[in-house]
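Since every read-out is calculated from the coordinates, none of them should be taken as a lab result. Because the structure is predicted, anything quoted here is derived from the model rather than measured. In this analysis, Cβ positions are derived from the backbone assuming ideal geometry, glycine residues included, and neighbour counts consider all displayed protein chains.
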Amino acid sequence: MTHRSEFRLLHRLRVRWAEVDMQSIVFNAHYLMYMDVAITEYWRSSALPFAECMKKLDGDMVVRKATVDFIRSAKMDDILDIGMRFVKAGRSSLVFEGAVFRGEELLATGELLYVFTTPHATASQPVPEVLRQALDAFEAREPMTQLHAGRWDDLEPLAMPLRETVFSHEQHVPLEILSDENDATAFHVALTNRLGVALATGRLVFLPEQRGQIGRMAVLQALRSQKLGEQVLLRLLQHARHQGLTDVMLHAQVTAIPFYVRHGFVVRGEVFHEAGLAHQTMVLAL
């Protein structure tokens with residue numbers, strides 16, 4: 001008997017009017033849509049953002065087969081939980097199982113079979129071993145990220161491409177100001193996944209009078225709900241305390257103010273604009 005505890009519950013929804021028929025029963029095709037959303041959240045929760053990881057692997061995955069076993073019907077206004085788990089990998093295939101629950105009640109299960117390929121291949125390709133290992137590790141509840149800390153010389157290959165992705169490509173910050181002379185003497189942190197893809201980064205610049213400034217905080221857009229920025233921030237603050245700093249300040253983008261407030265930072269002064277974006281000075285006493 002399939003049970004909720006066997007799956008990672010990755011998506012919760014309320015059944016909408018557009019998803020049901022005249023009897024207020026969900027159309028069969030929507031169960032596959034629910035599972036498609038869950039598989040997207042599976043990649044996010046495993047710290048394996050799909051687009052970036054496929055680029056790293058020079059590969060792609062396409063659906064070969066999708067099946068659903070309908071057990072009971074979902075109805076209008078039901079609250080559904082959608083679960084997903086990785087089952088196995090073949091030579092060139094990856095198999096995931098999904099399940100739809102209404103509370104503890106199982107409504108449907110499904111199997112999604114993907115084949116691994118490459119952008120220029122005309123046939124399926126072997127699943128990379130590093131991807132197999134990463135998915136197995138996620139199912140085994142093992143850590144999916146690694147924190148790197150140290151000098152710019154060592155972390156630039158990780159941090160700089162991520163800065164370009166977040167600040168330049170996404171937020172249109174000029175490339176020439178993504179790095180400055182402070183990088184050479186700052187303490188840097190970068191977070192990577194099991195494929196070596198950089199997911200989050202930040203730095204601590206040392207100021208006069210035992211003060212510090214946190215900056216260049218960047219998290220890959222697809223993973224901003226996964227508390228990766230928090231891991232980076234806490235490591236920077238740990239180092240600041242270890243160095244005996246009395247306080248740290250930062251220039252937060254206004255959309256990030258609640259994040260820093262949750263970690264004890266307080267607002268100072270008025271909102272100002274930097275690189276075309278609204279910022280707020282914030283300070284944390286150590």
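A few points about this structure:
- The separation of the stretch 92-121 from the stretch 1-46, counted between C-alpha centres, amounts to 12 Å.
- Compared with the dominant Cα axis of the chain, that is its longest principal axis, helix 29-45 is turned about 30°.
- Principal axis analysis of the Cα atoms in the stretch 145-285 yields extents of 39, 33, 30 Å, listed in decreasing size.
- Inter-centroid distance (Cα atoms) of the stretch 130-202 relative to the stretch 207-286, Å: 17 Å
- Per-residue HN-Hα couplings for the stretch 176-186 [Karplus 6.51, -1.76, 1.60; θ = phi - 60°; Hz; x = Gly/Pro]: 5, 10, 6, 10, 9, 5, 5, 4, 5, 10, 7
- For trypsin sites (Lys or Arg not before Pro), the sites in the stretch 106-197 that DSSP calls loop and that have at most 14 other Cβ atoms within 10 Å are ARG141, ARG151.
- Between 0 and 90°, nearest 10: helix 129-139 axis offset from the chain longest Cα axis: 80 degrees
- Helix-only CD estimate at 222 nm, as mean residue ellipticity for the chain, using -39500 (n - 2.57) per DSSP H run (n ≥ 4): -7500 deg cm²/dmol
- Against the chain, whose longest principal axis is taken from its Cα atoms, helix 152-163 shows a tilt of about 50°.
- Taking TRP43, TRP17 and counting other C-beta atoms within 10 Å, the order from fewest to most: TRP17, TRP43
- Listed residues ILE39, ILE214, ILE177, most fluctuating in the chain (Gaussian network, C-alpha, under 10 Å): ILE177
- Cut-off under 5 Å, modelled amide H: who pairs with LEU107 long-range: VAL100, PHE101, ARG102
- Karplus (6.51, -1.76, 1.60) ³J(HN,Hα), θ = phi - 60°, over the stretch 72-78, in Hz, Gly and Pro reported as x: 9, 8, 8, 10, 3, 6, 4
- Set of lysines with alpha-carbon distance to LYS88 below 19 Å, sequence-local pairs under 8 removed: LYS65
- Taking VAL68, VAL261, VAL100 as the candidate residues, the one with maximal mean-square fluctuation in a Gaussian network model of the chain, Cα springs under 10 Å, is VAL261.
- Fewest-first sequence of THR201, THR118 by Cβ atoms within 10 Å of each Cβ: THR118, THR201
- Counting beta carbons within 10 Å around each of LYS65, LYS75 and listing the fewest first gives the order LYS65, LYS75.
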